[in-house]
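First comes the structure, then the notes that go with it.
Computed from the coordinates by the stated procedures, all read-outs in this text should not be read as laboratory data. Being a predicted model, the structure only gives us computed values, none of them experimental. Here the Cβ is made from the backbone with ideal geometry for all residues, glycine too, and neighbour counts use every protein chain on show.
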Amino acid sequence: MWEENFRDQKSFITSDTIGKILQKFGKVTLDELDRVKLMNRIDQKFCLRLSGLPEILEAISADYSVLQIEGKTIFEYDNVYFDTPDNRMFLAHQNGKKNRCKIRMRQYVQSNDSFLEVKLKNNKGRTIKERIERNDLQPEFEKNELDFLHDESPYAGTELLPRISNNFKRITLVNNQFTERVTIDMFIVFKNREKEIHLDNLVVIEVKKSKSNKPSVIARVLHANRIRELGFSKYCVGRSLLEDGIKKNNFKPLLLKINKEYIN
């Protein structure tokens, strides 16, 4: 009976439902948000069911403003993730290496802006991101992109292959002090050449700040609702769900939770 009630409740939570709650938030422009780029930062990630997101948003509406562009507050993203033929980036995550890397192409669907991005996580837990603009999501590197990958990553562009694509909708918040950004990702889809998986019940919240010494308002609200910090890499989760033969022992507890609670 509870599962039936949950499914009924979930069916009424749409982008429009969330958008109405976001009307209560203050608004920031993209230029204002650039004050908190945080390309070198500390990250915290939390996972919850879509049914729980309205309550969280209501609780923090006085403490954060939402990015608004041309009247919109929810934006669509497309990603393509790359790895080596022997999956060195994926296995670095699976094996728990402290220094690791992800390489992706990202397109902001509404604006059609595209970037090639390198994300490095160091042994002090900091995420460092570098990116350059590109024209589209075609998974082929131009000469300037090969140079960029040579300079900013441990991998040569000539050895990289596209592994999965990923689509989701995102809300971006900034706290009133402009010291912290929060991204809220919903309606997440992963696909490769063989499969496509929808995680419509899942919300991933990421808190990004330059220092970790002061708990954020949203982190306190999430903890009060018994939502604990959880490691979650879209790239690793996507590949683990899509591919049967890849090594994923260290992700099994998370994958069991995802299969039980978030996959339709």
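Among the aspartates and glutamates, which have Cα under 12 Å from the Cα of residue 102 when same-chain residues fewer than 8 positions away are ignored?
Within the straight-line limit of under 12 Å, residue 102 reaches these aspartates and glutamates: 83, 117, 130, 152.
Step through the table entries 143/191; 45/121; 119/234; 98/260; 119/257; 98/169, compare each Cα-Cα distance with 20 Å, and write down the pairs that go over it.
143/191; 98/260; 119/257; 98/169
What whole-number value in cubic angstrom gives the convex hull volume per residue for the C-alpha atoms of the chain?
Roughly 135 Å³ of hull volume per residue.
Can you figure out the FRET efficiency of residue 246 with residue 98, using R₀ = 30 Å and their beta-carbon distance, to the nearest 0.05?
Result of the calculation: an efficiency of 0.90.
Relative contact order for region 184-240: what is it in percent, counting Cα pairs under 8 Å that are at least 6 residues apart?
27 percent.
Longest exposed-loop-site-free stretch of the chain, with GluC sites (Glu not before Pro), DSSP loop and at most 11 other Cβ within 10 Å?
195-264
Please state the relative contact order of region 43-180 as a whole percent: Cα pairs under 8 Å, 6+ residues apart?
For region 43-180, the relative contact order is 31 percent.
To the nearest 20 Debye, how big is the dipole of the chain about its Cα centre, given +1 on the beta carbon of each Lys and Arg and -1 on that of each Asp and Glu?
For the chain, the charge dipole is close to 1220 debye.
Which trypsin sites (Lys or Arg not before Pro) does region 107-176 hold that lie in a coil by DSSP with at most 16 other beta carbons within 10 Å?
Filter output for region 107-176: 124.
Evaluate the relative contact order of the chain (contact order divided by residue number), counting alpha-carbon pairs under 8 angstrom at least 6 apart; express in whole percent.
24
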